[in-house]
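The values are calculated or read from the model by the stated rules, or taken from the named source; none is laboratory data. All values reported here derive from a predicted model rather than from experimental measurement. Here the Cβ positions follow ideal geometry from the backbone for every residue, glycine too, while neighbour counts run over all protein chains shown. With ligands, DNA and RNA removed, areas are computed over all heavy atoms of the protein, side chains included. Shrake-Rupley method; radii C 1.70, N 1.55, O 1.52, S 1.80 Å.
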Protein chains: 2
Amino acid sequence: MDRTESTWARNAPARYGGVEAGGTKFVCAIGDASLTLLERVEFPTGGPDETLDRTIDFFRSRSGNGGLAALGVGSFGPVDPRPDSPAWGYITTTPKPGWRHTDFAGRLRRALGVPVGFDTDTNAAALGEGTLGAAQGLHTFVYLTIGTGVGGGALVGGKRVHGLLHPEMGHMKLPRAEGDDFEGACPFHGDCLEGMVSGPALHARAGGPPNRLPPDHEIWTHVTHYLAAALVNITCVLSPQRIILGGGVMHQRHLFPRIRRRAQHLLAGYLQSPEIIAHPETFIVPPGLGDNAGVVGSLALARLAAEQAASRAQKHSAERTI
Amino acid sequence: MDRTESTWARNAPARYGGVEAGGTKFVCAIGDASLTLLERVEFPTGGPDETLDRTIDFFRSRSGNGGLAALGVGSFGPVDPRPDSPAWGYITTTPKPGWRHTDFAGRLRRALGVPVGFDTDTNAAALGEGTLGAAQGLHTFVYLTIGTGVGGGALVGGKRVHGLLHPEMGHMKLPRAEGDDFEGACPFHGDCLEGMVSGPALHARAGGPPNRLPPDHEIWTHVTHYLAAALVNITCVLSPQRIILGGGVMHQRHLFPRIRRRAQHLLAGYLQSPEIIAHPETFIVPPGLGDNAGVVGSLALARLAAEQAASRAQKHSAERTI
């Protein structure tokens, strides 16, 4: 702790706060202007009051030295990330006890008095990978996480995707793997992508922790099929320059080459792009930031919020001068 | 003809040319500054030399009266629509005889001496619907056409989607409809979306023209399933504010309410958006421009190309003044 605090003191002027808000744990972090992590704490997600108070306390206790320039939040959902919506910054219809219709971003903004950037956890992770990770220099790419749930975030033309709501890539409909009779574990859809390959789905399939299964187990063949089919569909819909696969299930690194081969097989040479045909290892990749994609992304959201606030202030000041 | 030519003469200053380039026919059109169609001709698609010469002749013969400000092309593909690519404006790996690696946009630009906007036929149709059709005022939406082939275009955050290549929504992988044993008609993938619901697929299923089948025929139940599953996947990946379904197969208007219900059934209440839950007739809609979406979109591409050229010229002139 001594080391990070001294690092922090040397970088006083522009400091950003980031919150990676997951259904099971919260990560709060402080970063400098280049989004280098200076401090990071984790605690379990409880009810909204308790958890948001703890988050606010953390950032208040670290705000002495010039304060935070802004805060970024990448949250579990569903959320409302649309800047022009009256429910912007809310967690909306989540089944998570107590969290339904929680004004997440607004509460932090009022308590801390700084601009707040807000998005889904996966859009934040995609932004993190685009800023400092495996998608640097790209404008159109996807970050898909396969863990307790399955979710995807995307940047298209350099902007995070927000439409009617936000991407929910985990719930795509896919053709069944040959010989797979698992009914699926999604409480809404049964055998959607998440229902077939999430951590809990694999636990149910295996009758225990899936990380003990050998790489040649049939379950991994099925997982390979569903993930490859999902990547094919993502590619058909938004033609990403790269797809990043993160989350606990993808710690099984043997899946990467198999998913690439299966996706090529399913595409059957239809998309004649060198990245797909000759170099799929550049198209389907692990995160450059490992498990820090989300927290770095939340710091990047903070930096964007600070820049937008500065730009608004400048415009306002110019208007007053005239 | 007299009438359109006199209309044209009254609107001399800003006239745009548009080409909707299909695999079976070309549509060439002239529009005014508000993209009103002033003239429109169609001819069958032949080899590239013959067809592009005819296109060039049409626009040259109409260029006497002040000339065209710009030309827009929405083309069958695959194409390269990425502005920073050396192959920009090319038709690339099409199986269509003679058209492989044709410098479509470049040839028109050299022959006519005007700025050329270029994109896929479906991105152009999406742009047309966003400009004057069923997606006006929206920033994130999809246009899917179901005809000889199945293809989709999209705007996300107000910009047409170009990533690694361009969307190819017709080739998504979907779960089979119950009781459907049709092997699929896509030469690459068999039972992808296009393989199950394109015009030729329906012809093969029905053993004749599908438009003679009664609305309660089982084939329409299968078509409903695949299209609804495709729309669910599109919604999961990019969360469009609206999806427009066009093309010859969608002239079967009885499909619209059935597809909406089936999509709701497949989503199972997971996406709690009023547009999906309560008003799916505002979410899944026919084109506002009917079969003119593509040609209006090509005129909109021309207008964008003219605006970009003007903005570049202004910047260049400002730099010279300094």
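Structure summary
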read-out: Of all residues making up segment A:89-124, the number that are of a type in the set (S, T, N, Q) and touching a helix residue (DSSP H, G or I) at 6+ places or on another chain (Cβ under 6 Å); value: 1
read-out: Top-ranked residue in segment B:119-156 [being open to solvent by less than 10 Å² (accessible area, probe 1.4 Å) and more than 12 Å from the chain's Cα centre (by Cα); ranked as nearest to B:Asn292 (Cα to Cα)]; value: B:Ala135
read-out: Residue that is farthest from the other protein chains (Cβ to nearest Cβ), among those in segment A:197-246 that are part of a strand (DSSP E or B) and of a type outside the set (Lys, Arg); value: A:Gly246
read-out: B:Glu194 within 23 Å of B:His251 (Cα to Cα) and either acidic (Asp, Glu) or away from every other protein chain (no Cβ under 14 Å) (or both); value: yes
read-out: Residue that is modelled with pLDDT under 95, surrounded by 18 or more Cβ atoms within 10 Å (Cβ to Cβ) and of a type in the set (A, V, I, L, M, F, W, C), where the choices are A:Leu289, A:Leu231, A:Leu271; value: A:Leu271
read-out: Flag if B:Val296 is crowded, with 20+ Cβ neighbours inside 10 Å, in contact (Cβ under 8 Å) with a residue 24 or more places away in the chain and part of a helix (DSSP H, G or I); value: yes
read-out: Residue selected from segment B:247-267 under the condition in a loop (DSSP other than H, G, I, E, B) and without any contact (Cβ under 8 Å) to a residue 60 or more places away in the chain, by the criterion least open to solvent (accessible area, probe 1.4 Å); value: B:Gln252
read-out: Which numbered condition B:Lys159 fails, given (1) more than 8 Å from chain A (Cβ to nearest Cβ); (2) open to solvent by 40 Å² or more (accessible area, probe 1.4 Å); value: (1)
read-out: Odd one out for A:Leu301, checked against (1) open to solvent by 40 Å² or more (accessible area, probe 1.4 Å); (2) within 15 Å of A:Leu127 (Cα to Cα); value: (1)
read-out: Subset of segment A:268-280 (residues that are in contact (Cβ under 8 Å) with a residue 24 or more places away in the chain and not aliphatic (A, V, I, L, M)); value: A:Glu275
read-out: Residue, farthest from B:Gly288 (Cα to Cα), within segment B:162-185, restricted to residues that are at pLDDT 95 or above, in contact with an Asp or Glu (Cβ under 7 Å, 6 or more places away or on another chain) and open to solvent by less than 20 Å² (accessible area, probe 1.4 Å); value: B:Gly184
read-out: Test: residue in segment A:116-134 that is within 14 Å of chain B (Cβ to nearest Cβ), within 21 Å of B:Leu271 (Cβ to Cβ) and part of a loop (DSSP other than H, G, I, E, B); value: no
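Rundown of residues vs (1) assigned to a helix (DSSP H, G or I); (2) closer than 18 Å to A:Gly117 by Cβ; (3) open to solvent by 70 Å² or more (accessible area, probe 1.4 Å), yes/no style:
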{"residue": "A:Leu52", "(1), (2), (3)": "yes, yes, no"}
{"residue": "A:Ile56", "(1), (2), (3)": "yes, yes, no"}
{"residue": "A:Ser63", "(1), (2), (3)": "no, yes, no"}
{"residue": "A:Gly67", "(1), (2), (3)": "no, yes, no"}
{"residue": "A:Leu71", "(1), (2), (3)": "no, yes, no"}
{"residue": "A:Gly77", "(1), (2), (3)": "no, yes, no"}
{"residue": "A:Asp84", "(1), (2), (3)": "no, yes, yes"}
